[in-house]
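Notes to accompany the following structure.
The values are calculated or read from the model by the stated rules, or taken from the named source; none is laboratory data. Quantities reported herein were computed from a predicted structural model and do not represent experimental measurements. In this analysis, Cβ positions are derived from the backbone assuming ideal geometry, glycine residues included, and neighbour counts consider all displayed protein chains.
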Amino acid sequence: MPLTTAAIAPILLLIASNVFMTFAWYGHLKVEHKPIWLLILVSWGIAFFEYCLAVPANRIGRGVYDPMELKAMQEVITLVIFAIFSVTYLGERFTLNHGVGFLLIATGAFFVFKGPL
């Protein structure tokens, strides 16, 4: 598959949408002194922008990728974004167990793109 705008745009949009979604889902973990209802509202506000990127990513991507490929791609992107976020923003350690687990998931995505066996 040649690298065209239609092939690259969904990847870039999914990366951006996952940054928003990661902050919506996990960014509040560093904010312990705010009421949960406020954190939920803020998270929903952030998630709105995630949807504004994810929906076009999948719509554009459908012209190049099948839905299974889009989902596998999204999962791998989510793991990479979350790993970076977890280490840099939350200050968590990335261990060998995490790396092996993520690699196994990425291996599953490889087989989705591989086609029929």
So, first residue in contact (Cβ under 8 Å) with a residue 40 or more places away in the chain and in a helix (DSSP H, G or I) in the stretch 9-37, second residue buried (at least 18 other Cβ atoms within 10 Å of the Cβ) and of a type in the set (D, E, K, R), Cβ within less than 6 Å, six or more apart or across chains; the pairs are S17/E50; M21/E50
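Among the listed residues A72, A106, identify the single one that is within 16 Å of the chain's Cα centre (by Cα), in a helix (DSSP H, G or I) and either buried (at least 17 other Cβ atoms within 10 Å of the Cβ) or acidic (D, E) (or both).
Being within 16 Å of the chain's Cα centre (by Cα), in a helix (DSSP H, G or I) and either buried (at least 17 other Cβ atoms within 10 Å of the Cβ) or acidic (D, E) (or both) holds for just one of A72, A106, which is A72.
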When every residue in the stretch 57-77 that is of a type outside the set (S, T, N, Q) and either touching a residue at least 60 places away in the same chain (Cβ under 8 Å) or touching a Leu at 6+ places or on another chain (Cβ under 8 Å) (or both) is compared, the one nearest to L3 (Cα to Cα) is V64
When (1) among the hydrophobic types (A, V, I, L, M, F, W, C); (2) surrounded by 11 or more Cβ atoms within 10 Å (Cβ to Cβ); (3) modelled with pLDDT of 95 or more are applied to W44, the one that fails is (2)
- prompt: Does I81 satisfy being more than 26 Å from G115 (Cβ to Cβ), exposed (fewer than 13 other Cβ atoms within 10 Å of the Cβ) and not hydroxyl-bearing (S, T, Y)?
  reply: no
Reported set for the stretch 84-117 where residues are over 21 Å from W25 (Cβ atoms) and among the aliphatic types (A, V, I, L, M) is L96, V100, L103, L104, V112, L117
F23 meets each of (1) of a type in the set (F, W, Y); (2) under 26 Å from Y65 (Cβ atoms); (3) surrounded by fewer than 12 Cβ atoms within 10 Å (Cβ to Cβ) with one exception, condition (3)
- Query: Residue check: is A54 out of contact with any helix residue (DSSP H, G or I) (no Cβ under 6 Å at 6 or more places or on another chain), touching a residue at least 12 places away in the same chain (Cβ under 8 Å) and under 27 Å from T107 (Cβ atoms)?
  - Reply: no
